[in-house]
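Throughout, read-outs are computed from the coordinates displayed, never taken from laboratory work. The model shown is predicted, which means the values in this text are computed figures rather than measured ones. In this analysis, Cβ positions are derived from the backbone assuming ideal geometry, glycine residues included, and neighbour counts consider all displayed protein chains.
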Amino acid sequence: MDDTDGVRAAVDRIKRRSLAAADQGVSAKDLSAARERFWCGPGWHEILHDLMRDLYHVDSFRFFGASEKWGRLEVLYRCDAADQEVVSTAVRVATSCSSATCEVCGGPGSLRREGWWKVLCDEHELARKVELTDDQFEEQMRVFRQGADRWRPVVYSHPDKGRSSEEIYLEFYATFSDLDEQTRRFWAVQCTRLVLFRRRRADGMSK
């Protein structure tokens, strides 16, 4: 079992415990207690806050927890049959919102299928491609700056043309094939960020 499977198994165990008979869940009125059951990234917490507000007056609603499953928000709850339509509609809205919201920062995101499926913005998708300690980051940045004569012409001649961040990253990753794996990924990430920054700046100027 890898780390991803281990985390999923741990979350599943928590879900099972929460649904045990001894756990009566929490009311939407008790937001502080509900927050303790937000087992997803902070970017989705506001979606869950909205869900609790939408269901504030549904007395039969009991919230057991919410987590990420296959890149979508999963909400565990119970309610009376008479309230099922209202509750399930609110939950569907929350789930739909999560599919376009970065789980890390809450900005616009899309489903990324590399490794553990996650809804992420371009920046946080790039960030998980290179996980470094502070010292490793400083060293990689030093090497990157020293290599500016190599990567700068490639970045500024890049034909953006609306490519996705993943497509741009893979192009740069192929360009720096002579570098060691960590440095290659770091350079590809930094160059992709620069292209995306130029795109945002150009879009801003055109408005």
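Values computed for the structure shown
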| read-out | value |
| --- | --- |
| Sequence of Cys105, Cys191 once ranked by neighbouring C-beta atoms within 10 Å, starting from the fewest | Cys105, Cys191 |
| Neighbour-count order for Trp187, Trp117, Trp151, Trp70, fewest beta carbons within 10 angstrom listed first | Trp70, Trp117, Trp151, Trp187 |
| Highest-MSF residue in the chain out of Gln146, Gln190, Gln24 [GNM, Cα springs under 10 Å] | Gln146 |
| Calculated FRET value between Arg201 and Leu132, using beta carbons and R₀ = 30 Å, to 0.05 | 0.70 |
| Relative frequency of Cα-Cα separations exceeding 16 Å in segment 18-89, percent | 44 percent |
| Fully extended contour minus Cα-Cα distance, from Lys161 to Arg78, at 0.36 nm per residue | 25.1 nm |
| Three semi-axes of the equivalent ellipsoid, segment 162-207, Cα gyration tensor, whole Å, largest first | 25, 9, 6 |
| Which of Ser164, Ser32, Ser67 has the fewest Cβ neighbours within 10 Å, and the rest in rising order | Ser32, Ser164, Ser67 |
| Close Lys-Lys pairs in the chain, where close means Cα under 26 Å and separation is 8 or more or interchain | 10 |
| Within segment 102-207, GluC sites (Glu not before Pro) in DSSP loop having at most 16 other beta-carbon neighbours inside 10 Å | Glu114, Glu131 |
| Placed amide H near Gly106: partners under 5 Å, 5+ positions off or other chain | Gly43 |
| Trypsin sites (Lys or Arg not before Pro) within segment 100-169: DSSP coil, no more than 15 neighbouring Cβ in 10 Å | Arg113, Arg128, Lys161 |
| Trp116-Arg152 pseudo-label distance in nm [points 7 Å out on the Cα-to-Cβ vector] | 3.9 nm |
| Tail weight of P(r) past 22 Å, computed on alpha-carbon pairs of segment 68-207, percent | 51 percent |
